[in-house]
Amino acid sequence: MSDPSSSASPSPSSPEVVLVPIEAASIETLREMALTIFPATYEGLISPAQIEYMLDWMYGEDTLRREIIGDGVGYHWITVGGEKVGFLAVGPVATGEVCPLHKCYLLASRQGRGIGSAALAEIASHVAAAGASSLELRVNRENVAAIRFYQKNGFTLHAEDRCEIGNGFVMDDYLMRRELSR
């Protein structure tokens, strides 16, 4: 996960952060944004070869279509004043269960303005209303800025996980969790 923004709130004159569901018809636009954000987020944390592998694996058209249409993963644009500035993905949501927060990414030019915090607050409210008990995410152990961001937004370290993802690559992550109130 990237460092979507600082925990500062948007200024009163800032346009409102709105989450807009991403439909299957927008997969190519989502892929284009991921191709911009993902490499910049992980540069220096994982190898360029792993970045390329993960982009193909996580943001392939078939993968995104399956997740959006069949797997119950809700992708949302993070918008400010109608402009797409990032995206997040959650789900599936089940009553009383932990809801995975799969992705939360902002364009670098929009980080540090409270947008990420506002987006997290909105998605947390949404999944809590749908019955989830908590949100859980994976964050690269070396991504100190993202870890700090999530901690400022109510996430705590829950566990550690190292999983093989193919081609000799691993994801070496912390699992962070935020309890939700309904």
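Only the coordinates and a few stated rules stand behind these numbers; no lab work does. Just so you know, these numbers come straight off a predicted model, no measurement behind them. Every residue, glycine as well, gets a Cβ built from its backbone with ideal geometry; the counts of neighbours run over all protein chains shown.
Quick notes on this structure:
- Remark: pairs (first residue in segment 87-100, without any contact (Cβ under 8 Å) to a residue 24 or more places away in the chain; second residue assigned to a strand (DSSP E or B); Cβ separation under 6 Å; 6+ apart in sequence or on different chains) = A89/Y75; A89/H102; A89/K103.
- Screening the candidates Y150, Y174 for the property of being buried (at least 19 other Cβ atoms within 10 Å of the Cβ), without any contact (Cβ under 8 Å) to a residue 60 or more places away in the chain and not hydrophobic (A, V, I, L, M, F, W, C) yields one hit, Y174.
A quick yes/no check of all residues on (1) surrounded by fewer than 19 Cβ atoms within 10 Å (Cβ to Cβ); (2) more than 17 Å from F149 (Cα to Cα); (3) touching a residue at least 12 places away in the same chain (Cβ under 8 Å):
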{"position": "R65", "(1), (2), (3)": "yes, yes, yes"}
{"position": "D71", "(1), (2), (3)": "yes, yes, yes"}
{"position": "Y75", "(1), (2), (3)": "no, yes, yes"}
{"position": "A108", "(1), (2), (3)": "yes, no, yes"}
{"position": "G112", "(1), (2), (3)": "yes, no, yes"}
{"position": "I115", "(1), (2), (3)": "no, no, yes"}
{"position": "L120", "(1), (2), (3)": "no, no, yes"}
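- You will find that of V127, V90, V85, V80, the residue that is touching a helix residue (DSSP H, G or I) at 6+ places or on another chain (Cβ under 7 Å), more than 14 Å from V17 (Cβ to Cβ) and crowded, with 18+ Cβ neighbours inside 10 Å is V90 and no other.
- Within segment 153-171, the set of residues being touching a residue at least 24 places away in the same chain (Cβ under 8 Å) and surrounded by 13 or more Cβ atoms within 10 Å (Cβ to Cβ) comprises N153, G154, I165, F169, M171.
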